[in-house]
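The values are calculated or read from the model by the stated rules, or taken from the named source; none is laboratory data. Everything numeric in this text was worked out from a predicted model, so none of it was measured. Glycine also receives a Cβ, built like all others from the backbone with ideal geometry; neighbour counts cover every protein chain displayed.
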């Protein structure tokens, strides 16, 4: 159920977690095609098997770009009255653990700050962490800024 943006602003520190999403070879191949990043560690299972990764891995930027999908699959992130949200940028992005093809990931969204910049425009800073099922370290941690218009 959508929460009023003024109420959400009082929830700094709250973490919400998405459902799991599988990152399969078809998703990795589609990302390689869309971006032109066809490095063998992403698209050639035989050659990638000879690396320390033991097989193909998702692009770091693919993992980062899962943010909207994982947000969509997270209960409680919708804000009542929001007309649109746009990316403003990131303060920090770190790729910590590769996502192997076939792995399942989920997102953790921690609200760090939500302030009204001008009437009807809010700036939200979120810590976005991608967890890999069965791994001890996350795939990535990013601090991301969005603008929300109400």
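How many residues are farther than 26 Å from residue 15 by Cβ, surrounded by fewer than 17 Cβ atoms within 10 Å (Cβ to Cβ) and without any contact (Cβ under 8 Å) to a residue 24 or more places away in the chain when one looks only at the range 42-78?
Residues that pass the stated criteria total 7.
Residues being closer than 23 Å to residue 133 by Cβ and out of contact with any helix residue (DSSP H, G or I) (no Cβ under 9 Å at 6 or more places or on another chain): count how many of those fall in the range 31-56.
Final tally of qualifying residues: 2.
Just need a number here: residues in the range 99-150 that are surrounded by 14 or more Cβ atoms within 10 Å (Cβ to Cβ), part of a loop (DSSP other than H, G, I, E, B), touching a helix residue (DSSP H, G or I) at 6+ places or on another chain (Cβ under 8 Å) and modelled with pLDDT of 95 or more.
Count: 3.
Is it true that some residue in the range 81-94 is over 11 Å from the mean Cα position of the chain (by Cα), assigned to a loop (DSSP other than H, G, I, E, B), at pLDDT 95 or above and within 28 Å of residue 32 (Cβ to Cβ)? Steps first, answer last, please.
Narrowing the range 81-94 to residues over 11 Å from the mean Cα position of the chain (by Cα): 81-92, 94.
Next, only the ones that are assigned to a loop (DSSP other than H, G, I, E, B) stay: 81-83.
Then keep just the ones that are at pLDDT 95 or above; that gives none.
No: the range 81-94 contains no residue that is over 11 Å from the mean Cα position of the chain (by Cα), assigned to a loop (DSSP other than H, G, I, E, B), at pLDDT 95 or above and within 28 Å of residue 32 (Cβ to Cβ).
Looking only at the range 1-42, count how many residues are at pLDDT below 95 and in a loop (DSSP other than H, G, I, E, B). Working first, answer last.
First, the residues of the range 1-42 that are at pLDDT below 95: 1-11.
Going one step further and asking which of them are in a loop (DSSP other than H, G, I, E, B), we end up with 1-2.
So the answer is 2.
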